Amino acid sequence: MITAALVFAFGCYGLGLLFNLWRIVNGPNSADRILALDTMVINIIALLILYGILRGTAVYYEVSMLVAMVGFVSTVAYSRFLLRGDVIE
Amino acid sequence: MGDGGVFLFVIALLPFIGALVPGVMIRAGRNACATFTAVPTALALILLMLLAPAVLRGEVIEAELVWLPQLGLSASFFLDGLGLLFAAMILGVGLLITLYARFYLSGDDPMGQFYTYLLLFQGAMLGIVLSNNILLLLIFWELTSLSSFLLIGYWKHLPEGRRGARMALAVTGGGGLAMIGGMLILGNIAGSYNLTDILASGEAIRASEWYLPALILILIGAFTKSAQFPFHFWLPHAMAAPTPVSAYLHSATMVKAGVFLLARMWPALAGTDAWFYLVATTGLVTMVIGAVIALFKDDLKALLAFSTVSHLGLLTMLLGFGTPAAAVAAVFHVINHLTFKAALFMIAGIVDHETHTRDIKRLGGLARLMPVTAVIGTVAALSMAGIPLFNGFVSKEMMLEEAAHTAWFENPWIVPALATLGALFSVAYSFRFIVHVFGGPVRDDYPRQPHDPPAGMYLAPALLAVIVVLIGVMPFLAEPVVAAAVSAVTGTEMSPYLKLWHGLTPALWLSIIAVLGGAVLLWLHRPLARAWDAAPRPEAKAIFDAIMGAAVRLSRMISETLHDGVLSRYLAIMVAASVALGAIAWSGGGLAAPTRTPLPVPPVVAVGWVLLIVATASVVITHRHRFQSLVIISIIGLMISVGFVYLSAPDLALTQISVETVTIILLLLALHFLPKQTPVESSPARRLRDGLLALAAGGGVGAVAYAFLLRDVDAISDYHLANSYEGGGGTNVVNVILVDFRGFDTYGEIIVLGIAGFVIYALTEALLNGTASRRLRQIEYEPDRSRDRHPLMMVIATRVMMPIAVVVGVYIFLRGHNQPGGGFVAGLVISIALLMQYMASGFAWAQARRKFEYHSLIGSGVVIAGLTGAGAWLAGKPFLTSAFGYVHFPPIEEFELATAMLFDLGVFLAVLGAVMLMLHSLSRLARHAGETVNLEPMDFDPRTRAEAEADGKGG
């Protein structure tokens, strides 16, 4: 049962990644791209947790937490660049 | 090694250690400075004198320290008669020069520097004469070239001094390069680089087919150093040096190094026809040419310089004769030339010092104004002329005696005739020195009214003049020293008999001809000089400049062809070459059949693959829109991190994602000051070429990786996996590799990282102080940018994140040795936590709360790592050997302590410091671009409003 759920979830998030990719490549504007990239990071975090469940080890949870902690920083930086031009004022 | 051996090391080291002192002692005054220069010299001389009796008895004192045995290089010294003679000369004259220079240098000259250079030179020179290893000798040989460069160019404000120094370095340094080749050949023939071994295998060397090349190369080295024709021209130009330097280097020591080498190599190289014709002929030609030119020089020091060239030619010729009797004459003349020529240089310096001119035409009549100087100068000059009762006479007699029975290509009279001609001109210029400087009526147009200098200045030449007369009257005084030296030169026991009166020999008649002819030449000097000036002759300096110019042009042409600064071209050539090499290797067919089968690809992994491919292709398409391509690059970074996780390398994934984040912030900071679009600069054809190259290279790398992945290859990974826990005490193999197995690499890497941080800091610093700073100030911001500078939400969020991130960082660091993590990742995580504060509340606010300089973080990181590594030495293990143990404090679980952890702490600090310094440097640019600073933590602080309301209610 859990395997079937995992396969389904993997499929959903994989599809989500492809949609994010489409948005990043096509735009149309920079805000779309940054948002899509941020969503991509979130999808990745989900995939990491799913993979952890599949393999039955805790290491991947930690990794996903670290990705979560660090991943949003670049989104912030991109947004600041867009809004103010200078990342560190 | 006995006591004597230890003394030898001390003697060789003393000048180098002493060289550290004068530069400091000058603060205590000029006398203190000179005294502290004299002390190491005097000490070395005393030690040498303690060794002298044994050497004069015929013993050879040796000392050896193994240095690089694989190269045949050892710090070995030996002292025989020849070494003793030269070492005593170097140290003795060194003392006199120290005294003389104290009075010669004016208050404006940096005296400490001078004495430091002088001692450096003295040490190098001593090294040459004491070395028992020809590789060591070569090192000292080059050191004399370098230190003499510093000394000749001592008066940096004089262009001729700088030019002369450069010329001397080019000629003697070039000769030194040739000599390296010759010495290596010699060492190869003899099978050892030890001088004593080489000297013992003279016959094998002379019989070898490599004898001639080795001889020519070594002779080029010796001839350039000793200013032999056609390399003689640098010596007169080196006369731009202060006179103490000329007296020391260019009469007594450095120029004699070539002669010393000829004498040293005498047992190994001399005795063949090639030696005779090369060495004796060069010496003879140099002697005559030098003497002739010297007569027509009006500059006192130029006259002495060419006279030195001539006398060096004489010494070279004598050694070239290859007979023991000629060697005796050569060694004896080395002593005599030293005494009178050093005295003459000092006298020339005194005359220059007192009258402010060295032009003989403006001098004359000084005998009455400067009687002491005149007496000393006359004694020395008469010795140079070879007049009886002065020491120059005795050795010149011996030279003429040897020349008289030497045949050159079976021609019995050409050598004596030319030798006499040289002696004749030598008499002429010596007499000119006396008559035209000291003789004649007193003039009233000296640039400065001359009188005798203070005693300190003429004491040194006076002492030398006393020796000139002593040896001249009683030549047997020099016998023991000469005997010891000649025995060392010829390799056989010799006891020469030095005497004043040889009877009515042919040499005496030749001498008489020379003296009479010299007097006549001086009498005819005025018309002769006019004819000399009118006659066309090649100018050595012009030829040298032309050759140097041509060499510079040629090397510039070559380097500009190969190295034209077009980076894309270099890259294209490199990539094309590697692709071609790869294709050749591939077509060789040496690849075994695959031993593995590909694994199945899960759909999600395929999605990741699609993401990578599409993102890569998109970057190529959109790379002219810089911001957009940055966003797409993030996808690639993200996918690589996920790939690491999927392939069971979670710590690499951690590192990768942290590096990605920091890089993006760095690039955004830089992009702020860069154009947002890349202009089209290359032609379509070029882009096509580069595209094809890129495809070929990428395809090649892919094919190689694919081929390797399908085959079982022996890799070092197995060793690391097996030994990680037992050898390094950690279960996290990656971390153990970084801090233990490959700790030395990591140590180098953190140093490089730190240097990169400092360089970025220095570059932005230079940028801000440079011309770009004006353009920076003119940067205008877009008018429609957001007014949210420091949004409340972001400030609060990052403040909350900060302690969490720091705890995570510390945790990752602490467990790094056994679980995924380590100093590198921890450094990145903490720097990201700090960066968030910078982004949220602004540069100035965050900067005001910074407790440590980032520079010192880098420094302390490297120092901690280095000390940890060096700690292994205390345990008698090699650098960076780690130790570990398990500790148990009651309240917490048993845990492991490894020295690797301290090392990791160094890595952590260096990474943190370097990352922060780089970002800090880049964001400083914005401050310069006229941005206002923000001291408040956020744009809108709810607390201030609450306070205001409270105040409102209260008031």
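Looking at this structure, is B:LEU652 at the interface with another protein chain (Cβ under 10 Å from one of its Cβ atoms), part of a helix (DSSP H, G or I) and under 30 Å from A:MET69 (Cα atoms)?
Answer is no for this residue.
Go through the range B:518-553 and give me each residue that's within 15 Å of B:MET167 (Cβ to Cβ) and not acidic (Asp, Glu).
Result: B:ALA540, B:LYS541, B:ALA542, B:ILE543, B:PHE544, B:ALA546, B:ILE547, B:MET548, B:GLY549, B:ALA551, B:VAL552.
Quick one: is B:TYR719 hydroxyl-bearing (Ser, Thr, Tyr) and free of Cβ contacts under 8 Å to residues at least 60 places away in the same chain?
When the stated conditions are applied, B:TYR719 passes them.
How many of the residues making up the range B:38-64 are under 13 Å from B:ALA12 (Cα atoms) and within 28 Å of the chain's Cα centre (by Cα)?
Total meeting the criteria: 5.
With within 30 Å of B:VAL734 (Cα to Cα) and aromatic (Phe, Trp, Tyr) as the only criterion, which of B:PHE813, B:PHE843 stands out?
Of B:PHE813, B:PHE843, the one residue that is within 30 Å of B:VAL734 (Cα to Cα) and aromatic (Phe, Trp, Tyr) is B:PHE813.
Which is more than 9 Å from every other protein chain (Cβ to nearest Cβ) and within 30 Å of A:CYS12 (Cα to Cα), of B:VAL619, B:VAL604, B:VAL645?
The conditions single out B:VAL619.
One line per residue, one yes/no per condition, for (1) away from chain A (no Cβ under 11 Å); (2) over 30 Å from B:PRO942 (Cα atoms); (3) surrounded by fewer than 23 Cβ atoms within 10 Å (Cβ to Cβ):
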{"residue": "B:ARG777", "(1), (2), (3)": "yes, yes, yes"}
{"residue": "B:SER786", "(1), (2), (3)": "no, no, yes"}
{"residue": "B:HIS790", "(1), (2), (3)": "no, no, yes"}
{"residue": "B:ILE796", "(1), (2), (3)": "yes, no, yes"}
{"residue": "B:ILE804", "(1), (2), (3)": "no, no, yes"}
{"residue": "B:ARG815", "(1), (2), (3)": "no, yes, yes"}
{"residue": "B:GLN819", "(1), (2), (3)": "no, yes, yes"}
{"residue": "B:GLY822", "(1), (2), (3)": "yes, yes, no"}
{"residue": "B:LEU867", "(1), (2), (3)": "yes, yes, yes"}
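Looking at (1) within 30 Å of A:PHE8 (Cβ to Cβ); (2) assigned to a loop (DSSP other than H, G, I, E, B), can you tell me which one B:LEU612 breaks?
Answer for B:LEU612: the failing condition is (2).
Determine whether B:LEU91 is free of Cβ contacts under 8 Å to residues at least 60 places away in the same chain, buried (at least 24 other Cβ atoms within 10 Å of the Cβ) and assigned to a helix (DSSP H, G or I). Write out each step before concluding.
Values: free of Cβ contacts under 8 Å to residues at least 60 places away in the same chain: yes; buried (at least 24 other Cβ atoms within 10 Å of the Cβ): yes; assigned to a helix (DSSP H, G or I): yes.
Judged against the criteria, B:LEU91 is a match.
Identify, from the list B:PHE433, B:PHE476, B:PHE425, the residue that is in a helix (DSSP H, G or I) and surrounded by fewer than 24 Cβ atoms within 10 Å (Cβ to Cβ). So that I can check it myself, show each step before the final result.
Values: B:PHE433 fails: surrounded by fewer than 24 Cβ atoms within 10 Å (Cβ to Cβ); B:PHE425 fails: surrounded by fewer than 24 Cβ atoms within 10 Å (Cβ to Cβ).
From the options B:PHE433, B:PHE476, B:PHE425, the qualifying one is B:PHE476.
Okay, residues lined up against (1) within 11 Å of another protein chain (Cβ to nearest Cβ); (2) in a helix (DSSP H, G or I); (3) touching a helix residue (DSSP H, G or I) at 6+ places or on another chain (Cβ under 9 Å); (4) modelled with pLDDT of 80 or more:
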site	(1), (2), (3), (4)
B:VAL659	yes, yes, yes, yes
B:ARG687	no, yes, no, yes
B:GLY691	no, yes, yes, yes
B:ASN723	no, yes, yes, no
B:ASP740	no, yes, yes, no
B:TYR747	no, yes, yes, yes
B:ILE751	no, yes, yes, yes
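Looking at (1) assigned to a helix (DSSP H, G or I); (2) within 12 Å of another protein chain (Cβ to nearest Cβ); (3) in contact (Cβ under 8 Å) with a residue 60 or more places away in the chain, can you tell me which one B:PHE673 breaks?
Just one mismatch for B:PHE673, condition (1).
Please go through the range B:174-204 and give me each residue that is within 20 Å of the chain's Cα centre (by Cα) and either farther than 15 Å from B:PHE233 by Cβ or part of a loop (DSSP other than H, G, I, E, B) (or both), ordered by number.
Selection gives B:GLY176, B:LEU177, B:ALA178, B:MET179, B:ILE180, B:GLY181.
Could you count how many residues in the range A:27-37 are more than 10 Å from chain B (Cβ to nearest Cβ) and either buried (at least 16 other Cβ atoms within 10 Å of the Cβ) or on the phi > 0 side of the Ramachandran plot (or both)?
Residues that pass the stated criteria total 1.
Quick one: B:THR731 ticks every box in (1) more than 14 Å from chain A (Cβ to nearest Cβ); (2) surrounded by 12 or more Cβ atoms within 10 Å (Cβ to Cβ); (3) part of a loop (DSSP other than H, G, I, E, B); (4) polar (S, T, N, Q) bar one, so which box is it?
It is condition (1) that B:THR731 fails.
Which of (1) under 43 Å from the mean Cα position of the chain (by Cα); (2) under 28 Å from B:GLY283 (Cβ atoms) is the odd one out, the single condition B:ILE434 does not satisfy?
Result: B:ILE434 passes all but (1).
Tell me, which helices (runs of 4 or more DSSP H) lie completely within the range B:1-57 with 1 or more residues that are among the hydroxyl-bearing types (Ser, Thr, Tyr) and surrounded by 13 or more Cβ atoms within 10 Å (Cβ to Cβ)?
Once the helices (runs of 4 or more DSSP H) in the range B:1-57 are filtered for at least 1 residues that are among the hydroxyl-bearing types (Ser, Thr, Tyr) and surrounded by 13 or more Cβ atoms within 10 Å (Cβ to Cβ), what remains is B:30-56.
Return a yes/no flag: does the range B:756-766 have any residue that is more than 14 Å from every other protein chain (Cβ to nearest Cβ), surrounded by 15 or more Cβ atoms within 10 Å (Cβ to Cβ) and touching a Gly at 6+ places or on another chain (Cβ under 9 Å).
Yes, the range B:756-766 contains a residue that is more than 14 Å from every other protein chain (Cβ to nearest Cβ), surrounded by 15 or more Cβ atoms within 10 Å (Cβ to Cβ) and touching a Gly at 6+ places or on another chain (Cβ under 9 Å).
So which of A:GLY16, A:GLY71, A:GLY85 ends up being out of contact with any Phe, Trp or Tyr (no Cβ under 7 Å at 6 or more places or on another chain) and within 9 Å of chain B (Cβ to nearest Cβ)? Let's see the steps before the verdict.
Working: A:GLY16 fails: within 9 Å of chain B (Cβ to nearest Cβ); A:GLY85 fails: out of contact with any Phe, Trp or Tyr (no Cβ under 7 Å at 6 or more places or on another chain).
Only one candidate qualifies: A:GLY71.
Return yes or no: is B:PRO244 crowded, with 21+ Cβ neighbours inside 10 Å and either out of contact with any Pro (no Cβ under 7 Å at 6 or more places or on another chain) or part of a helix (DSSP H, G or I) (or both)? Talk me through it step by step, then tell me what you get.
On the way: crowded, with 21+ Cβ neighbours inside 10 Å: yes; either out of contact with any Pro (no Cβ under 7 Å at 6 or more places or on another chain) or part of a helix (DSSP H, G or I) (or both): yes.
Yes: the conditions hold for B:PRO244.
Kindly indicate the residue of the range A:46-64 that is at the interface with chain B (Cβ under 8 Å from one of its Cβ atoms) and modelled with pLDDT of 85 or more and also farthest from B:VAL795 (Cα to Cα) among those meeting that condition. Let's see the steps before the verdict.
Start the filter on the range A:46-64 by keeping residues that are at the interface with chain B (Cβ under 8 Å from one of its Cβ atoms), which leaves A:47-48, A:51, A:59-60, A:62-63.
Add one more test, that the residue is modelled with pLDDT of 85 or more, and what stays is A:47-48, A:51.
On the way: A:LEU47: 30, A:LEU48: 29, A:TYR51: 34 Å.
Among them, the one singled out is A:TYR51.
Need pairs with beta-carbon distance below 7 Å; first residue β-branched (Val, Ile, Thr) and within the range B:439-462, second outside any helix (DSSP H, G or I); sequence gap 6+ or separate chains.
B:VAL442/B:GLY365
May I ask you to verify whether B:LEU611 is within 12 Å of chain A (Cβ to nearest Cβ), within 29 Å of A:ARG55 (Cα to Cα) and in contact with a Ser or Thr (Cβ under 9 Å, 6 or more places away or on another chain)?
Answer is no for this residue.
Criterion first (part of a helix (DSSP H, G or I), more than 9 Å from chain B (Cβ to nearest Cβ) and within 22 Å of B:VAL620 (Cα to Cα)) does A:ARG23 satisfy it?
yes
Results for (1) touching a residue at least 12 places away in the same chain (Cβ under 8 Å); (2) surrounded by 12 or more Cβ atoms within 10 Å (Cβ to Cβ); (3) more than 54 Å from the chain's Cα centre (by Cα), shown as yes or no for each residue.
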residue	(1), (2), (3)
B:GLY590	no, no, no
B:PRO594	yes, yes, no
B:VAL604	no, yes, yes
B:VAL614	no, yes, no
B:SER618	yes, yes, no
B:HIS625	yes, yes, no
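Counting only residues that are in contact (Cβ under 8 Å) with a residue 12 or more places away in the chain and surrounded by 13 or more Cβ atoms within 10 Å (Cβ to Cβ), which one in the range A:1-13 is nearest to the other protein chains (Cβ to nearest Cβ)?
Top of the filtered list is A:PHE10.
The values are calculated or read from the model by the stated rules, or taken from the named source; none is laboratory data. Nothing here was measured: the structure is a model prediction, and the numbers come from that model. Every residue, glycine as well, gets a Cβ built from its backbone with ideal geometry; the counts of neighbours run over all protein chains shown.
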